[in-house]
């Protein structure tokens, strides 16, 4: 009885767990399927300049104020969007970071990620079901 | 021959190689507009200033990258001159190893290559005096022309070790000369900087430097001045923490010049502290530079004798101010400063700066 109750609680927990609102995407030919949040933060601030399997990091961002950019800044980097973007500009000026590619829409993020082997972008999780060829999800924890 | 060339061009076009070889160049513009008041024991001056504007082109092609800083700045004759401050071509092999060639900011201490010429990014109106540029009286060779390598080596749970190593032309014959194309003594300067970036607290940087050079220094300011050989050793230590809205940078520098058997030592240090509340950052900086006595400079260190600051001698100073980040494109700074010269005089300064970044 206790085991059944525990199983039920686990199942309920799994069902109740909210779907992530956003996902990270990479170029499929990039072998890095899973990264830690620390690795992603370092990549987003210029501390790490390459992916674990080699290609140079190229951030692909939508415009300031968009939900996916805000999610990336707060959840991955741990800073408000404006503060993070200011830091990125500073790192670009130092020569420590590639200039992020800024695109108009999430669809453009996917297009850019499909074209650039080292690209890293964030889009709504709803798009995960219809990713174009050449784009895969980055698992992270 | 012409036919072969035409065929080659057609082949390139048809294969798309030309299109692939194209690389777009991004361009930013940085600069500042200032109002400065300076009062010493006898006189007070005040001026509006448009001291500099710069173009910052960057480009990236896979692992290859390029950047430059082309500065239009006002010289001592009140006229704009063009100065190319940085030209860097870099190849990123991995996080462990990056190669850079060109004219770059020497990896000495923290401030010199963390802050370049665009004033928007630095917290205060001016750079700390010991790390000012060559033509402004700084103690260091702020720019180097040569080869730079750097990388980040993980140390497991301890954190990471960042290294920078440089081989460069080194100093010119006078403190304000940057050896862009000619190394007067053919002797190269060597620089090594090591930094520990511990896992905790995240963002802390602890570093040290050794810079070694041989200087063929002019004894006078005349173009045909006789020269003397000086061995230079610069040792430095620094600490920086720029996380959680805290801005903390502290550096120490020891510049030793050996001419014959006589060694003269110049020391400098500064600490800069700020904290950001939304768009406002109050900040303060204290700094100290100790030159050898003027007698020693005359006798043993003709190089620093021609340093713009050496003339006024050792000093201690403090500045305090507020930086308002108006937008991603504009920062306004209000600052006051007080300098006490060892000669007994004092200098008070006030400045308002609008630094822009587009």
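The values are calculated or read from the model by the stated rules, or taken from the named source; none is laboratory data. These numbers were taken from a predicted model, which means no experiment stands behind them. So basically every Cβ, Gly included, is an ideal-geometry build from the backbone, and we count neighbours across all protein chains shown.
Can you work out which of the residues in segment A:53-70 that are more than 9 Å from chain B (Cβ to nearest Cβ) and surrounded by fewer than 19 Cβ atoms within 10 Å (Cβ to Cβ) is farthest from residue A:107 (Cα to Cα)?
Taking segment A:53-70 as the starting set, the residues that turn out to be more than 9 Å from chain B (Cβ to nearest Cβ) are A:53, A:57, A:59-63, A:65-70.
If we keep only those that are surrounded by fewer than 19 Cβ atoms within 10 Å (Cβ to Cβ) as well, we get A:53, A:63, A:65-67, A:70.
Details: A:53: 26, A:63: 13, A:65: 17, A:66: 13, A:67: 14, A:70: 17 Å.
Out of the qualifying residues, it is A:53.
Quick grid of which residues meet (1) away from every other protein chain (no Cβ under 14 Å); (2) over 26 Å from the mean Cα position of the chain (by Cα); (3) modelled with pLDDT under 90; (4) part of a strand (DSSP E or B):
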position: B:3; (1), (2), (3), (4): yes, yes, yes, no
position: B:9; (1), (2), (3), (4): yes, yes, yes, no
position: B:13; (1), (2), (3), (4): yes, yes, yes, no
position: B:52; (1), (2), (3), (4): yes, no, no, yes
position: B:56; (1), (2), (3), (4): no, no, no, yes
position: B:82; (1), (2), (3), (4): yes, no, no, yes
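Being modelled with pLDDT of 95 or more and in contact with a helix residue (DSSP H, G or I) (Cβ under 7 Å, 6 or more places away or on another chain) narrows it down to one residue among B:111, B:91; which is it? First the steps, then the outcome.
Numbers: B:91 fails: in contact with a helix residue (DSSP H, G or I) (Cβ under 7 Å, 6 or more places away or on another chain).
Every option except B:111 fails the conditions.
Among what's in segment B:326-350 and is over 24 Å from residue A:86 (Cα atoms) and touching a residue at least 60 places away in the same chain (Cβ under 8 Å), pick the residue that is farthest from the other protein chains (Cβ to nearest Cβ). Break it down into steps so the answer makes sense when it comes.
Here is the first cut: in segment B:326-350, the residues over 24 Å from residue A:86 (Cα atoms) are B:336-350.
Now restrict to residues that are touching a residue at least 60 places away in the same chain (Cβ under 8 Å): B:345-350.
Details: B:345: 37, B:346: 34, B:347: 31, B:348: 31, B:349: 26, B:350: 27 Å.
Ranking the candidates gives B:345 first.
Filter segment B:15-50 for residues that are modelled with pLDDT of 50 or more and assigned to a helix (DSSP H, G or I) and give the result. If you could, list the steps in order and put the result at the bottom.
Keep residues of segment B:15-50 that are modelled with pLDDT of 50 or more, which gives B:22-50.
If the condition is that a residue be modelled with pLDDT of 50 or more and assigned to a helix (DSSP H, G or I), then no residue fits.
If a residue must be out of contact with any helix residue (DSSP H, G or I) (no Cβ under 8 Å at 6 or more places or on another chain) and crowded, with 17+ Cβ neighbours inside 10 Å, how many such residues does segment B:259-270 contain?
1
Can you pull out every residue in segment A:82-110 that is surrounded by fewer than 17 Cβ atoms within 10 Å (Cβ to Cβ) and over 28 Å from residue B:116 (Cα atoms)?
If the condition is that a residue be surrounded by fewer than 17 Cβ atoms within 10 Å (Cβ to Cβ) and over 28 Å from residue B:116 (Cα atoms), then A:104, A:105, A:107, A:108 are the ones that fit.
Taking the condition loosely packed, with under 15 Cβ neighbours inside 10 Å, touching a helix residue (DSSP H, G or I) at 6+ places or on another chain (Cβ under 9 Å) and under 30 Å from residue A:87 (Cα atoms), does residue B:275 pass?
Details: loosely packed, with under 15 Cβ neighbours inside 10 Å: yes; touching a helix residue (DSSP H, G or I) at 6+ places or on another chain (Cβ under 9 Å): no; under 30 Å from residue A:87 (Cα atoms): yes.
The answer is no for residue B:275.
Any idea which of A:131, A:120 is crowded, with 20+ Cβ neighbours inside 10 Å, more than 14 Å from every other protein chain (Cβ to nearest Cβ) and touching a helix residue (DSSP H, G or I) at 6+ places or on another chain (Cβ under 9 Å)?
Numbers: A:131 fails: crowded, with 20+ Cβ neighbours inside 10 Å.
Result of the check over A:131, A:120: A:120.
It is to be established whether one or more residues within segment B:210-227 are closer than 28 Å to residue B:274 by Cα and touching a helix residue (DSSP H, G or I) at 6+ places or on another chain (Cβ under 8 Å).
No, every residue in segment B:210-227 fails to be closer than 28 Å to residue B:274 by Cα and touching a helix residue (DSSP H, G or I) at 6+ places or on another chain (Cβ under 8 Å).
Counting only residues that are at the interface with chain B (Cβ under 9 Å from one of its Cβ atoms) and free of Cβ contacts under 8 Å to residues at least 24 places away in the same chain, which one in segment A:95-115 is nearest to the chain's Cα centre (by Cα)?
Only one residue fits best here, namely A:99.
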